[in-house]
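Engineer: Here's a structure for you.
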There are 4 protein chains.
Amino acid sequence: MQPTTPQQACFEAGIKFGSLYHQFAGTPVSPDSSGSLETAIEEAIENQPFCESVDVDILDDELAAELAERSADYTELTGRFMEVELRVDHEGSLVVASMSMEGDYPRMRIDRIEA
Amino acid sequence: MQPTTPQQACFEAGIKFGSLYHQFAGTPVSPDSSGSLETAIEEAIENQPFCESVDVDILDDELAAELAERSADYTELTGRFMEVELRVDHEGSLVVASMSMEGDYPRMRIDRIEA
Amino acid sequence: MQPTTPQQACFEAGIKFGSLYHQFAGTPVSPDSSGSLETAIEEAIENQPFCESVDVDILDDELAAELAERSADYTELTGRFMEVELRVDHEGSLVVASMSMEGDYPRMRIDRIEA
Amino acid sequence: MQPTTPQQACFEAGIKFGSLYHQFAGTPVSPDSSGSLETAIEEAIENQPFCESVDVDILDDELAAELAERSADYTELTGRFMEVELRVDHEGSLVVASMSMEGDYPRMRIDRIEA
């Protein structure tokens with residue numbers, strides 16, 4: 001079968017999440033630099049087609065807790081340290097999707113679809 | 001609305017494509033190293049949930065044509081130099097998706113869905 | 001032989017350049033988002049040890065020229081679209097290094113060393 | 001001062017390490033896929049100028065220990081899971097450098113220089 005418009009919107013939302021995660025995972029980050037990284041990730045991914053908005057929250061409390069246990073004063077960005085919500089609109093089908101930790105795994109999920 | 005199983009399969013297929021592209025774009029590549037990179041990309045992304053198979057074809061002819069015009073003997077992996085097909089199975093919904101150039105843009109598309 | 005302090009400073013400067021380039025190459029970028037990306041790259045790499053400062057200039061004119069020829073309104077960050085200068089201080093040895101295009105190759109070079 | 005040849009060799013060795021780490025950190029990896037990833041990283045970075053050889057050892061025992069504690073059967077490549085040795089020859093100056101964990105930090109160091 002050919003994909004429907006809502007299915008294509010879901011595909012596009014997935015592309016944005018995979019892009020966001022694998023482009024920016026590994027970036028050196030600290031509470032001092034997390035604000036500029038949030039903005040840059042949002043504006044970078046919003047360039048992609050059909051992407052209405054991206055909201056990235058780097059979790060400074062989680063960062064601070066990690067750094068309290070480490071010898072360095074920065075760490076690498078990974079799923080434990082951010083929550084993301086994004087909205088994709090593909091020809092009128094809106095998908096709202098988000099990423100947050102589910103146990104030890106950064107779960108990306110579709111929150112809702114408005115066909 | 002909550003997503004259907006085929007919609008979730010489309011979302012997962014998108015995640016795989018975004019991951020693949022943004023993890024490996026920028027990798028130094030030449031015709032001599034393209035074979036090992038193809039295999040590593042395939043096996044890396046096949047680790048992700050619901051991913052049945054990934055087939056990456058780095059286009060050695062395109063690489064060679066690029067390198068003939070450059071001063072270096074390698075370049076950076078980008079969409080012009082690869083074609084990808086992948087299969088995702090999410091609770092019985094199979095999505096086959098692919099990436100290839102459409103003009104100057106590396107288009108990721110759903111080829112078919114078997115619900 | 002064991003490395004001298006200036007040699008270690010050069011090694012550290014190289015690490016910063018390789019990190020910067022391969023972390024951020026491939027990021028979706030447009031003239032609208034280049035400012036936030038510049039800031040994020042600078043602050044991310046400044047987290048790394050011995051890194052005094054990083055100055056990133058994303059070349060909006062080069063971006064605009066590229067986009068005028070493309071079907072999409074963004075492209076991927078690569079060496080053609082940025083110039084970088086950074087300063088590393090390793091135990092009193094200062095290295096100033098920069099990246100800019102040399103023909104078609106993004107050349108990273110040591111500009112000067114103050115031992 | 002202008003850099004000496006050994007200093008330039010140290011700079012080049014640093015570039016290779018930063019590139020290697022930030023290109024491949026975040027790659028999905030499991031004991032089943034670590035072999036192909038090792039080879040691809042080695043051959044990718046060996047493309048870079050002055051790089052004689054790269055030897056990557058992904059630590060399957062460390063991976064297995066990590067996965068025994070996680071809900072997923074893969075994780076993301078990071079410094080804890082690999083050791084690297086590389087050799088750079090810049091106009092006759094040989095630098096041997098390596099990366100391994102020093103406490104909780106993936107330390108990159110110059111092992112020796114043969115001017």
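Engineer: Condition first: in a helix (DSSP H, G or I), crowded, with 19+ Cβ neighbours inside 10 Å and either touching a residue at least 12 places away in the same chain (Cβ under 8 Å) or more than 7 Å from chain A (Cβ to nearest Cβ) (or both). Now tell me which residues in region C:19-41 satisfy that.
Structural biologist: Going through region C:19-41, the residues in a helix (DSSP H, G or I) turn out to be C:19-24, C:34-41.
Checking the rest, the ones that are also crowded, with 19+ Cβ neighbours inside 10 Å come to C:19-24, C:34, C:36-38, C:40-41.
Within region C:19-41, C:Ser19, C:Leu20, C:Tyr21, C:His22, C:Gln23, C:Phe24, C:Ser34, C:Leu37, C:Glu38, C:Ile41 meet the criteria.
Engineer: What single numbered condition from (1) facing chain B (nearest Cβ under 10 Å); (2) touching a Ser or Thr at 6+ places or on another chain (Cβ under 8 Å) fails to hold for A:Met1?
Structural biologist: For A:Met1, the exception is condition (2).
Engineer: For residues in region A:101-115 being within 26 Å of D:Glu66 (Cβ to Cβ) and buried (at least 17 other Cβ atoms within 10 Å of the Cβ), which is farthest from the other protein chains (Cβ to nearest Cβ)?
Structural biologist: Start the filter on region A:101-115 by keeping residues that are within 26 Å of D:Glu66 (Cβ to Cβ), which leaves A:101-109.
Going one step further and asking which of them are buried (at least 17 other Cβ atoms within 10 Å of the Cβ), we end up with A:106, A:108.
Numbers: A:Pro106: 9, A:Met108: 6 Å.
The qualifying residue farthest from the other protein chains (Cβ to nearest Cβ) is A:Pro106.
Engineer: Hey, can you tell me all the residues within region B:51-66 that are crowded, with 19+ Cβ neighbours inside 10 Å and outside any helix (DSSP H, G or I)?
Structural biologist: Matches in region B:51-66: B:Cys51, B:Val54, B:Val56, B:Ile58.
Engineer: So, in region D:1-15, how many residues would count as being free of Cβ contacts under 8 Å to residues at least 24 places away in the same chain and charged (D, E, K, R)?
Structural biologist: Of the residues in that region, 0 qualify.
Engineer: Then there is this: Identify, please: which residue in region B:1-14 is in contact with a Cys (Cβ under 9 Å, 6 or more places away or on another chain) and under 13 Å from B:Phe50 (Cα atoms) and is, among those, surrounded by the most Cβ atoms within 10 Å (Cβ to Cβ)?
Structural biologist: B:Ala13
Engineer: Looking at B:Ser34, is it among the small types (Gly, Ala, Ser) and over 17 Å from the mean Cα position of the chain (by Cα)?
Structural biologist: Values: among the small types (Gly, Ala, Ser): yes; over 17 Å from the mean Cα position of the chain (by Cα): no.
No: the conditions fail for B:Ser34.
Engineer: Within region B:60-92, count every residue that is more than 22 Å from B:Phe11 (Cβ to Cβ) and touching a Lys or Arg at 6+ places or on another chain (Cβ under 7 Å).
Structural biologist: To start, the set of residues in region B:60-92 that are more than 22 Å from B:Phe11 (Cβ to Cβ) comprises B:60-78, B:80-83.
Among the residues that remain, those that are also touching a Lys or Arg at 6+ places or on another chain (Cβ under 7 Å) are: B:62.
Number of matching residues: 1.
Engineer: From the residues in region C:88-100 that are in contact with a Phe, Trp or Tyr (Cβ under 7 Å, 6 or more places away or on another chain) and within 29 Å of B:Arg70 (Cβ to Cβ), which one is surrounded by the most Cβ atoms within 10 Å (Cβ to Cβ)?
Structural biologist: Here is the first cut: in region C:88-100, the residues in contact with a Phe, Trp or Tyr (Cβ under 7 Å, 6 or more places away or on another chain) are C:88-90, C:97, C:99.
From the residues that got through so far, the ones that are within 29 Å of B:Arg70 (Cβ to Cβ) too are C:97, C:99.
Numbers: C:Ala97: 26, C:Met99: 20.
Here the answer is C:Ala97.
Engineer: Out of D:Val88, D:Val95, report the one residue that is facing another protein chain (nearest Cβ under 9 Å), closer than 24 Å to C:Phe50 by Cα, touching a residue at least 12 places away in the same chain (Cβ under 8 Å) and in a strand (DSSP E or B). Outline the logic, then answer.
Structural biologist: Details: D:Val88 fails: facing another protein chain (nearest Cβ under 9 Å).
Exactly one of D:Val88, D:Val95 is facing another protein chain (nearest Cβ under 9 Å), closer than 24 Å to C:Phe50 by Cα, touching a residue at least 12 places away in the same chain (Cβ under 8 Å) and in a strand (DSSP E or B), namely D:Val95.
Engineer: While we're looking at this one, here's another question. Just give me the residues in region A:64-115 being farther than 30 Å from C:Glu46 by Cα, of a type in the set (Gly, Ala, Ser) and modelled with pLDDT of 95 or more, in sequence order.
Structural biologist: A:Gly92, A:Ser93, A:Ala97, listed by residue number.
Engineer: Would you pick out the residues in region C:6-18 that are within 7 Å of chain D (Cβ to nearest Cβ) and touching an Asp or Glu at 6+ places or on another chain (Cβ under 8 Å)?
Structural biologist: Taking region C:6-18 first, the residues within 7 Å of chain D (Cβ to nearest Cβ) are C:6-8, C:10-18.
Matches in region C:6-18: C:Gln8, C:Gly14.
Engineer: Next question. Any idea which of (1) among the acidic types (Asp, Glu); (2) buried (at least 17 other Cβ atoms within 10 Å of the Cβ); (3) over 15 Å from the mean Cα position of the chain (by Cα) is the one A:Glu69 doesn't satisfy?
Structural biologist: Here A:Glu69 clears every test but (2).
Engineer: Tell me the residue from C:Glu69, C:Glu91, C:Glu85 that is in contact with a strand residue (DSSP E or B) (Cβ under 8 Å, 6 or more places away or on another chain) and not hydrophobic (A, V, I, L, M, F, W, C), please.
Structural biologist: Checking each option against the conditions leaves just C:Glu85.
Engineer: Looking only at region B:68-84, count every residue that is in a strand (DSSP E or B), of a type in the set (Asp, Glu) and either within 12 Å of chain D (Cβ to nearest Cβ) or under 14 Å from B:Val29 (Cα atoms) (or both) and tell me the total.
Structural biologist: Restricting attention to region B:68-84, the residues satisfying the condition of being in a strand (DSSP E or B) are B:75-76, B:82-84.
Keeping just the survivors that are of a type in the set (Asp, Glu) gives B:76, B:83.
Narrowing the set further to residues that are either within 12 Å of chain D (Cβ to nearest Cβ) or under 14 Å from B:Val29 (Cα atoms) (or both) leaves B:76.
Adding up the residues that qualify gives 1.
The values are calculated or read from the model by the stated rules, or taken from the named source; none is laboratory data. Nothing here was measured: the structure is a model prediction, and the numbers come from that model. Virtual Cβ from ideal backbone geometry, glycine too; neighbours counted across all protein chains shown.
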